[in-house]
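The block underneath contains the structure these notes are about, expressed in structure tokens.
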Amino acid sequence: MDPQGESLESNAPDGDSLRRHLSTEYGIEGTFSRLAGENDNFLIVEPAGRRFVYKVSDPSRTSDIVDLEHQAVEAIAVATNLEVPRILLTLQGAIESTGTLPDGTSVRGRLVQFVDGSPWCEAGSVVPGQRADLGRRVAEIATILSSFSHPAAHRTHRWDLGEADHQRHHVSLIEDAERRLLVQRAYNLYVACARMFLDELPHSVIHGDWNDENVLMSEGRVVGLLDFGDCLYNPTICELAIAVTYAVMDESDPLGAGAEIVASYHQQRPLLAKELKVLFPLMCGRLAASVSTAAERRRIDPGRSAWFVHEERAWRALDYLLQIDPADAARELGSGTGLEAYADRGASSRELLEKRRLHIPTSLSVSYEEPLKITRGRGQYLYDDRGQPYLDLYNNVCHVGHCHPRVVAAGARQMEVLNTNTRYLYDGLTDYAERLCATLPDTLQHCFFVTSGSEANELALRLAKTHTGHEDFLVVEGAYHGHTTTMIDLSPYKFMGKGGSGRAKDWVHVVPLADGYRGPYKGQGRDAGVAYGNEVGQVISSLDRPIAGFICESLLSCGGQVIPPEGYLETAFAHVRRAGGVCIADEVQVGFSRVGTHFWAFELQDVVPDIVVMGKPIGNGHPMAAVVTTREIAESFSRTGMEFFSTFGGNPVSCAIGMAVLDVIRDERLQENALRVGTRLRDGLHGLIDKHDVIGDVRGVGLFLGVELVRDRATLEPAPREAEHVVNELRRRQILAGTEGIYGNVIKIKPPMVVTEADVDWVVAMVDEILSGPSPS
Ligand code: PMP
């Protein structure tokens with residue numbers, strides 16, 4: 001039996017034994033012949049001409065599933081003139097016959113009425129009205145089944161279009177490399193554009209397999225529907241998607257043909273725009289599942305032709321359909337409905353670029369050679385105005401996934417009730433502070449809530465200055481801590497970068513970037529960590545003033561996705577504390593479980609900072625940030641008498657959102673996901689090092705990774721142009737990443753934490769493809 005509970009082996013008894021069995025169980029006699037198709041079905045023709053089909057039950061077809069099939073057929077039979085295979089009870093009144101045959105085999109099966117008609121696939125050329133009739137019938141059955149329920153319907157199986165990507169692992173069995181890529185693209189489209197949204201759509205029991213062998217025709221009209229074996233509770237739209245997929249598979253204009261079916265379905269059962277939107281990606285998902293299943297089955301029995309009847313046709317359809325943008329496909333399929341699935345397209349990229357010139361200063365640049373017009377986000381995906389999905393590999397703000405429904409609902413709910421400021425009492429503030437502090441060491445329990453990472457770092461500096469009475473700070477080479485005036489003065493990434501004019505303030509002291517790949521301690525492991533830590537000590541001793549503190553990201557993001565060698569923060573913190581300074585961990589990019597093994601990245605280095613700064617992921621895109629510190633530092637700040645107040649910081653809506661983010665991290669086990677998927681991605685990228693000389697280093701923890709490109713592995717000459725090329729090529733392949741680092745030669749990867757193994761396998765394949773292609777000129 002395969003993992004989804006369907007036996008792929010035939011367990012049919014021989015004809016003679018079966019004949020005797022049916023005579024005893026049902027009192028019928030007649031001639032027997034085996035029917036073509038996926039299952040073990042036998043046609044029985046009585047001398048008087050009555051026909052039946054005996055369907056041998058697969059071992060996985062438990063009695064409750066057979067009952068589901070029986071009840072669904074009955075519900076339809078009493079409500080419509082569409083012919084369906086009603087089950088005939090045994091002489092004992094049972095739905096199934098069971099027994100041991102004289103030849104020793106055991107049998108379990110059900111006897112159903114034969115349904116007349118020619119399968120759609122054999123009915124010849126399509127006549128006017130035929131497609132409309134199909135749409136009408138699919139809608140009719142959907143309407144009937146919308147009030148039908150059965151506990152056994154809540155199941156899945158290999159043809160479950162609500163979970164078609166469960167067949168994705170069979171793709172590796174497809175021999176042709178181009179076809180593998182094609183079907184992977186189909187799965188990407190299915191997951192991003194359909195699967196992500198299915199939970200929000202109407203659900204009901206569906207037949208589940210309106211394929212062109214199960215739909216029976218007579219004189220150009222749909223008269224029967226066979227095989228309720230795939231019946232299950234599903235998004236209702238899946239039924240239409242399956243019917244359309246098979247009915248138009250061989251058409252030269254499949255979407256035009258599909259539109260006729262959809263229009264008449266819509267007349268009978270009005271579609272929602274969001275159902276229309278998923279229709280095309282569902283069709284692609286069905287085709288992908290079909291060709292992947294065929295690949296799996298070929299391994300089992302290549303001679304069983306019934307398994308492969310759709311295979312080549314499905315490949316041809318996929319090849320054609322995947323050239324079409326989802327928005328165009330939805331428009332075409334829905335052309336007879338009056339619905340607009342993509343009403344949010346707005347102005348074109350070109351128009352927007354022109355408009356930006358009028359009002360948005362050019363100091364704010366737009367990403368990519370070909371800028372992207374994004375119209376929505378969900379999970380790990382962003383969607384452009386053509387409906388095409390992009391795998392977002394570097395937005396660490398939308399931490400638990402773009403527009404996570406729980407986070408959105410929490411914010412909306414609270415916004416409806418109350419949004420005020422922290423000078424009033426409300427449960428949300430203290431509940432959230434308590435919950436946030438529970439993730440931190442016992443010494444860090446005092447919170448300040450603000451609205452951006454820059455603001456939080458500003459406050460961290462004020463806290464450190466007030467507590468120590470000193471002014472000077474140490475900061476790491478390549479670091480970025482925010483866009484406010486003080487933060488720009490403090491951030492070497494800015495003052496040493498494009499447009500910067502070097503260090504402007506004498507209270508800022510730069511210490512070396514603890515880079516284990518480059519620099520004087522290259523490849524020295526923990527020794528490098530201690531040595532870099534001691535460099536912090538050396539800078540401190542070179543100063544003629546005491547320091548207020550040391551600000552450092554626990555992993556260095558803008559510096560080039562650098563993972564400091566073990567021992568670095570421990571050594572550096574010891575020097576800073578000995579000099580009377582406080583240690584500030586900027587966790588704006590790296591906190592909230594991203595590193596996979598811990599909730600906070602500073603825990604990787606076994607240190608406890610005096611101040612932790614949080615931002616970006618804390619509100620999943622809602623402007624929110626926090627500073628958490630020790631009681632002593634908080635009290636020093638209070639003692640001055642100057643009040644702390646941030647108008648928006650810690651407001652009830654922010655607290656509700658922050659709480660929802662923490663809930664989702666816990667409930668969706670995103671820390672574990674970061675570790676598992678991140679390690680898989682790092683290993684996959686690492687596996688490319690031997691193949692592509694330009695990859696100098698692959699590093700990372702959890703879902704915080706960097707791929708450093710070099711022109712020469714001995715001199716480590718940085719390859720920024722090559723990195724830019726890879727990022728632009730990834731964008732063309734619908735994967736969004738960026739470059740980072742002092743030399744701009746590091747590809748940064750820090751995706752939403754919901755990214756999956758299938759996503760990262762695709763990323764590795766695409767990076768490999770890009771690096772195997774022409775290099776930038
Ligand atoms: N600290 C770090 C490490 C950051 O990466 C950033 C933003 N990129 C900030 C602080 C500033 O955060 P914000 O943009 O929310 O002000």
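The values are calculated or read from the model by the stated rules, or taken from the named source; none is laboratory data. Note that the structure is a prediction, hence the values are computed from the model and not measured. Glycine also receives a Cβ, built like all others from the backbone with ideal geometry; neighbour counts cover every protein chain displayed. Surface areas here come from the heavy atoms of the whole protein model, side chains and all, with no ligands, DNA or RNA. Shrake-Rupley method; radii C 1.70, N 1.55, O 1.52, S 1.80 Å.
List of remarks:
- Some residue of segment 459-468 being of a type in the set (K, R) and farther than 29 Å from V576 by Cβ: no
- Among the residues of segment 100-153, those identified as at positive phi and either touching a Leu at 6+ places or on another chain (Cβ under 8 Å) or at pLDDT below 90 (or both) are G104, G117, G124.
- Picking from residues in segment 126-155 that are of a type in the set (S, T, N, Q) and assigned to a helix (DSSP H, G or I), the one that is least open to solvent (accessible area, probe 1.4 Å) is Q130.
- Considering segment 544-563, and only residues there that are away from the ligand (no atom under 14 Å from the Cβ) and either within 21 Å of G516 (Cα to Cα) or hydroxyl-bearing (S, T, Y) (or both), the residue that is surrounded by the fewest Cβ atoms within 10 Å (Cβ to Cβ) turns out to be I563.
- Segment 18-35, subset crowded, with 17+ Cβ neighbours inside 10 Å and not in a loop (DSSP other than H, G, I, E, B), residue modelled with the lowest pLDDT: L18
- Test: residue in segment 524-539 that is over 20 Å from Q589 (Cα atoms), aromatic (F, W, Y) and at pLDDT 95 or above: yes
- If you go through segment 438-462 and keep only what is away from the ligand (no atom under 16 Å from the Cβ), closer than 18 Å to V588 by Cβ and not β-branched (V, I, T), you end up with L440, L444, C447.
- Only one of the numbered conditions (1) without any contact (Cβ under 8 Å) to a residue 40 or more places away in the chain; (2) assigned to a loop (DSSP other than H, G, I, E, B); (3) closer than 27 Å to E729 by Cβ; (4) open to solvent by 90 Å² or more (accessible area, probe 1.4 Å) is not met by E354, and that is (2).
- Within the set A504, A585, A574, the sole residue that is open to solvent by 10 Å² or more (accessible area, probe 1.4 Å) and either modelled with pLDDT of 95 or more or among the basic types (K, R) (or both) turns out to be A574.
- Among the conditions (1) farther than 29 Å from D176 by Cβ; (2) out of contact with any helix residue (DSSP H, G or I) (no Cβ under 8 Å at 6 or more places or on another chain), S264 misses just one, which is (2).
- Condition check for T484: within 16 Å of the ligand (Cβ to nearest atom), in contact with a Ser or Thr (Cβ under 6 Å, 6 or more places away or on another chain), more than 12 Å from I551 (Cβ to Cβ) and open to solvent by less than 50 Å² (accessible area, probe 1.4 Å): yes
- When segment 108-122 is filtered for residues that are open to solvent by 30 Å² or more (accessible area, probe 1.4 Å), without any contact (Cβ under 8 Å) to a residue 60 or more places away in the chain and more than 11 Å from E213 (Cβ to Cβ), only R108 remains.
- Number of positions in segment 487-506 that are hydroxyl-bearing (S, T, Y) and within 16 Å of the ligand (Cβ to nearest atom): 2
- Neighbours by Cβ (under 6 Å, 6+ apart or cross-chain): first from segment 362-381, assigned to a loop (DSSP other than H, G, I, E, B); second surrounded by fewer than 17 Cβ atoms within 10 Å (Cβ to Cβ) and of a type in the set (S, T, Y): P371/S349; K373/S349
Residues are listed down the side, and each one gets a yes or a no for (1) open to solvent by less than 10 Å² (accessible area, probe 1.4 Å); (2) at pLDDT 95 or above; (3) among the polar types (S, T, N, Q); (4) assigned to a strand (DSSP E or B):
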residue	(1), (2), (3), (4)
E213	no, no, no, no
P270	no, yes, no, no
K277	no, yes, no, no
L287	yes, yes, no, no
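- Long-range neighbours under 9 Å by Cβ, at least six apart or interchain, first residue closer than 23 Å to E275 by Cα within segment 152-173, second among the charged types (D, E, K, R) and open to solvent by 60 Å² or more (accessible area, probe 1.4 Å): G162/R195; E163/R195; A164/R195; D165/R195
- T422 being at pLDDT 95 or above, closer than 21 Å to M642 by Cβ and within 12 Å of the ligand (Cβ to nearest atom): no
- Cβ pairs under 8 Å, 6+ apart, first in segment 706-718 and over 19 Å from I770 (Cβ atoms), second modelled with pLDDT of 95 or more and among the hydrophobic types (A, V, I, L, M, F, W, C): L716/V710; E717/V710
A quick yes/no check of all residues on (1) in contact with a helix residue (DSSP H, G or I) (Cβ under 6 Å, 6 or more places away or on another chain); (2) closer than 26 Å to S638 by Cβ:
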| residue | (1), (2) |
| --- | --- |
| V397 | yes, no |
| G401 | no, no |
| Q414 | yes, no |
| L418 | yes, no |
| A438 | no, yes |
| G453 | no, yes |
| H467 | yes, yes |
| E477 | yes, no |
| F495 | no, no |
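- Subset of segment 586-619 (residues that are touching a Pro at 6+ places or on another chain (Cβ under 6 Å) and either away from the ligand (no atom under 16 Å from the Cβ) or among the acidic types (D, E) (or both)): V608
Table: residues versus (1) at pLDDT 95 or above; (2) more than 25 Å from the chain's Cα centre (by Cα); (3) open to solvent by 40 Å² or more (accessible area, probe 1.4 Å); (4) aromatic (F, W, Y).
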position	(1), (2), (3), (4)
A343	no, no, yes, no
H402	yes, no, no, no
A410	yes, no, no, no
A438	yes, yes, yes, no
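- Close Cβ contacts (under 8 Å, 6 or more residues apart or on different chains) running from residues in segment 657-682 that are in contact (Cβ under 8 Å) with a residue 40 or more places away in the chain and of a type in the set (D, E, K, R) to residues that are part of a loop (DSSP other than H, G, I, E, B) and open to solvent by less than 80 Å² (accessible area, probe 1.4 Å) comprise E668/V400; E668/V754; E672/G596; R676/G596.
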